[in-house]
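The values are calculated or read from the model by the stated rules, or taken from the named source; none is laboratory data. Quick caveat: nothing in here was measured; it's all calculated off a predicted structure. As a convention, Cβ positions derive from the backbone with ideal geometry for all residues, glycine included, and neighbour counts pool all protein chains shown. Accessible surface areas use protein heavy atoms only, side chains included; no ligands, DNA or RNA. Shrake-Rupley method; radii C 1.70, N 1.55, O 1.52, S 1.80 Å.
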Amino acid sequence: MENKQKVQNLINLRDKAKLGGGEKRIASQHAKGKFTARERIHMLLDEGSFEELDMFVTHRCNNFGLEKEKYLGDGVVIGHGTIDGRSVYVFAQDFTIFGGSLSETMALKICKVMDMAMKMGAPIIGINDSGGARIQEGVTALAGYAEIFERNILASGVIPQISAIFGPCAGGAVYSPALTDFVLMTEQNSYMFVTGPKVVKSVTGEDISVEDLGGADVHARKSGVSHFRVADEQTGLQKIRDLISYLPQNNLEEAPIEECADPIDRLEDALNDIIPNNPNVPYDMKKVIGGIVDNSEFLEVHKDYARNIIVGFGRFNGISTGIVANQPNFLAGILDCDSSRKAARFVRFCDAFNIPILTLVDVPGFLPGSGQEYAGIIIHGAKLMFAFGEATVPKVTITLRKSYGGAHDVMSSKQLRGDFNYAWPTAEIAVMGAGGAIEVLEGRTLSKMENAEEKAIYISQKVNEYQEKFANPYQAASYGYIDDIIEPRNTRFRIIRAFQALQTKKVLNPLKKHSNIPL
Ligand code: HXC
C-alpha cells in the first residue's frame, strides 16, 4: 500500500468509527430525541477542543457470533478537551453500538480515561446511555464494572466526578454514577434502577413503569439519587459546564476566581424587612441568597429533593462558595432525615474540594415523631453534624431567625469550628421554641388550671417572658458564641470580609486512616 493510500485509509477508518453502530441506529437514536455520544461530547466541550482516544479499539468476544460484528471504538467514546479553557476528561457510552452495553474493552477504555484524569488532576465526566453488561461477554463485563467502581472510589475527593444519565442505566451499572459527586438526569429517556420493571413484577408483583420506577422525577424528588433534573440533553450539558465553573480541578487546587463586577459593599435594603414579625410566618430563603451572592447567580444542587434545606454554589467577590441554608418556606425549614443527608453530602464535597462554606440558619429544630425516629433521624442528623464539624475549609454562619436545640449545634455552630458566626437582630437562639418550652416548664401549674381562659392568659404571659429572654441573639453573643450581630442589609459585605480574612486559614484534623462518619 502506498503511503498516500495509507493516509486515505486512516481517514476512511476514522469516518467509519465516527458512524458508531451505523446511520440507521444513529437515526433511531435521534428519533428518540437523543444525541449520539460524539454529538454530546461536542456540545459539552469548548469547540474544537476534543481529542478522542482509543478510536480503533474493538471488542474481543467470540461468543454468540459476536466475532462477526465489530465496531471501531466499541461502545464508548473517550478522550479529553476543555470547558472554558480548563482541562476535563470524558467518556460517553455509544448506544448505537450494542446498546452501549459494557464489554471488557469498553471497561478498559473507561478505566484508561479515568486513570488519565487522576494522573493529570482534572475532572472526569461520564455520559451514560447503556443497556448494562454486554450479555454475550458474561463475567468479563462484570469485572469491567468493578474496575470502574474501584476507580470511582479512589478518585472520590481527589478529582470532581460528574455523571450525566442520558438513557438507560440499569442493574449494577447504576453504582458508578452513584459513586460520583453529581448525577444529572433528563426528563425524558433517562432512567436508573437496580432492577427493571419486569424483575420487580416477578419478584414483588408490583406493576410499575420505567419512569415511575427510576425516571428523572423520581430520583430528583424522592430518592435524591439525582442532583440535577433537566429538560433535555443540551440544557444538561450546559448545566455541567456551569457546575464545572464553580469547582477546582482537583483537591489540591482552589476553584477559579471570576472577575466580580457586583460591588462587594452593595447594601441589600430588602433584607432589613424580609423576616416577618410573626415567627410562624415563612419567607423565601432563596430571596436572601439571591440578594447576597455575586450578580444573584446561584447554582442550586438537589433542588427538588428535601426542599426544607437549600444547597448549591454561589460566588462572593468571585470566589466559589458552597451555600447551605434552611428554607422556612418548606416544612418551616426543619431538619429531617433527607435534608440532613442532603446537606451532609454537600458539605463534605465542599470540604474535600477546598470550597468555603456559608451557612444560613433559620431552623426550628429536628422533625419530631416516630416516622423520623424509625427512619434514623439520630444517625442522619449526626451525619450533618459530623460533616460540619469535620470540615476544615473556611466556614461562615449567619443566623437569620430561629436556631433551636440540637439543630442550632448542628448548623455550623461556633463549637463545630464555625470561623465567623454572625446573627441578624431577628435571631432567636435557644434550647427550644417558646411554646414547647412553656409546656415543659409550666406543665405542673397548667395541669392544675381548670379555667381555659385563665390558662391561655397564663401561657401567653409565660411565652412572652420566654421570648423576651431568649428570642434574640444577645444571650449567645454575650457568651461569644455569636461573633457579631449584623445589620441584615450589610450581610453581603460582612460575608465577603469574613471569607477574605479566612483565606490563610489552616486547620488540620488529627491524623487517621479515615473517619467513621455515621453512615
Ligand atoms: C448486549 C445489548 C444489550 C446488552 C441492548 N443491547 N442491551 N446487547 N448486551 N446488555 C443491544 C440490543 O440487542 C440492540 O441491538 C441494541 O442494543 C439496542 O437495544 P434495543 O433493545 O433495540 O433498544 P431499546 O428498545 O431502546 O431498549 C433498550 C434497553 C433494552 C431497555 C436497554 O435493550 C434492554 O432491556 N437491554 C437489556 C438490559 C439488561 O438487562 N442488561 C443487563 C443488566 S444486568 P441491535 O443489534 O438490534 O441494534 C447488568 C449487570 C451489571 O448490567 C452489573 C454490574 C456490577
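Would you calculate a helix-derived [θ] at 222 nm for the chain, using -39,500 (n - 2.57) for each DSSP H run of n ≥ 4 and dividing by the full residue count, to the nearest 500?
Counting only the DSSP helices, I get -11500 deg cm²/dmol.
Considering lysine pairs in the stretch 390-466 that are 8 or more places apart or on different chains, how many have Cα atoms under 21 Å apart?
Pairs that pass both the separation and distance tests number 4.
Mind listing P(r) for the stretch 164-251? All alpha-carbon pairs, 5 Å bins, whole percents.
3, 15, 23, 23, 17, 10, 5, 3, 2, 0
Pick out, from Pro282, Gly215, Ile292, the residue whose Cα sits farthest towards the positive end of the charge dipole of the stretch 183-314, with +1 on the Cβ of Lys and Arg and -1 on the Cβ of Asp and Glu.
Of the candidates, Gly215 comes out farthest on the positive side.
Run the paramagnetic zone check for Val200: 7 angstrom along Cα to Cβ, then residues of the stretch 214-240 with backbone nitrogen under 15 Å.
In the stretch 214-240, the label zone of Val200 (backbone N under 15 Å from the point 7 Å along Cα→Cβ) covers 214-225.
Sort the following peptides by mean Cβ neighbour count (other Cβ atoms within 10 Å, averaged over residues), highest first: 398-404, 7-13, 253-259, 34-40.
398-404, 34-40, 253-259, 7-13
Charges at C-beta only: +1 for Lys and Arg, -1 for Asp and Glu. How large is the resulting dipole of the stretch 127-257 about its Cα centre, in Debye rounded to 20? Spell out each step's value before the answer.
Values: 9 positive and 16 negative charges, 35 e Å.
So the dipole magnitude of the stretch 127-257 works out to roughly 160 debye.
Quick one: plug the Kirkwood hydrodynamic radius of the stretch 324-441 (C-alpha pairs) into Stokes-Einstein at 25 °C, 0.890 mPa s, and report D in µm²/s. Could the numbers behind the result be given before it?
Working: Rh = 14.3 Å.
Answer, rounded: 172 µm²/s.
Which three numbers, in whole Å and largest first, are the semi-axes of the equivalent ellipsoid of the stretch 141-203 derived from its Cα gyration tensor as √(5λ)? Could the numbers behind the result be given before it?
Details: eigenvalues 104, 50, 13 Å².
Semi-axis lengths for the stretch 141-203 are 23, 16, 8 Å.
For the stretch 433-519, state the average projected area of the convex hull of the C-alpha atoms over all orientations, rounded to one decimal in nm².
So the Cα hull casts an average projection of 11.4 nm².
Highest mean first, what order results for 90-103, 217-230 on Cβ atoms within 10 Å?
90-103, 217-230
Please work out, to two decimal places, the log10 of the ratio I(q)/I(0) at q = 0.06, 0.08, 0.13 Å⁻¹ from a Debye calculation in which every Cα of the chain carries one identical scatterer.
-0.35, -0.58, -1.23
Enumerate by residue number the GluC sites (Glu not before Pro) in the stretch 372-454 meeting two conditions: DSSP loop (anything except H, G, I, E, B), and at most 11 other Cβ atoms within 10 Å of the site's Cβ.
Glu450
Where the accessible area of the chain is counted over protein heavy atoms with a 1.4 Å probe, how much of it, in %, is carbon and sulfur?
Of all accessible area on the chain, carbon and sulfur atoms account for 53 percent.
What does the extension gain come out to for Asn3 and Asp284, with contour length at 0.36 nm per residue minus their alpha carbon separation?
Gain in length upon complete extension: 94.3 nm.
If you place +1 on the Cβ of every Lys and Arg and -1 on the Cβ of every Asp and Glu, how big does the dipole about the Cα centre of the chain come out, in debye to the nearest 20?
1080
What is the diffusion coefficient of the stretch 19-140 in µm²/s, taking the Kirkwood radius over Cα pairs and the Stokes-Einstein relation at 20 °C with a viscosity of 1.002 mPa s?
On the way: Rh = 14.6 Å.
Value of D from the Cα-based Kirkwood radius: 146 µm²/s.
Which ³J(HN,Hα) values, rounded to whole Hz and listed in residue order, are derived for the stretch 129-135 from phi using the Karplus coefficients 6.51, -1.76 and 1.60 in 6.51 cos²θ - 1.76 cosθ + 1.60 with θ = phi - 60°, glycine and proline given as x?
Here the 3J(HN,Hα) series is 6, 8, x, x, 4, 5, 4 Hz.
Can you tell me the equivalent ellipsoid semi-axes for the stretch 1-88? Use √(5λ) from the Cα gyration tensor, largest first, whole Å.
Over the Cα atoms of the stretch 1-88, the semi-axes work out to 24, 20, 13 Å.
How large is log10 I(q)/I(0) at q = 0.24 Å⁻¹ when the Debye formula is applied to the Cα atoms of the stretch 265-374, each weighted equally and without solvent?
These q points yield log10 I(q)/I(0) values of -1.38.
Give me Rg over Rh for the stretch 221-278, both radii from the alpha carbons and Rh done the Kirkwood way, two decimal places. Please list the in-between numbers first.
Numbers: Rg = 17.9 Å, Rh = 15.8 Å.
The Rg/Rh ratio comes out at 1.13.
Evaluate the relative contact order of the stretch 344-473 (contact order divided by residue number), counting alpha-carbon pairs under 8 angstrom at least 6 apart; express in whole percent.
On the way: 186 pairs, mean separation 32.5, N = 130.
About 25 percent, as a whole number.
Charges at C-beta only: +1 for Lys and Arg, -1 for Asp and Glu. How large is the resulting dipole of the stretch 407-519 about its Cα centre, in Debye rounded to 20?
Working: 15 positive and 13 negative charges, 195 e Å.
That gives the stretch 407-519 a dipole magnitude of about 940 debye.
Taking the alpha-carbon distance from Lys303 and a cut-off under 19 Å, which lysines remain once sequence neighbours fewer than 8 residues away in the same chain are dropped?
Cross-link targets: Lys222, Lys239, Lys286, Lys287, Lys342.
For the stretch 457-509, run through the chymotrypsin sites (Phe, Trp or Tyr not before Pro) and keep only the ones in DSSP coil with at most 14 other Cβ atoms within 10 Å of their Cβ.
Tyr479
If one computes P(r) from the Cα atoms of the stretch 371-508, what percent of pairs lie at distances over 26 Å?
The share of Cα pairs beyond 26 Å in the stretch 371-508 comes to 39 percent.
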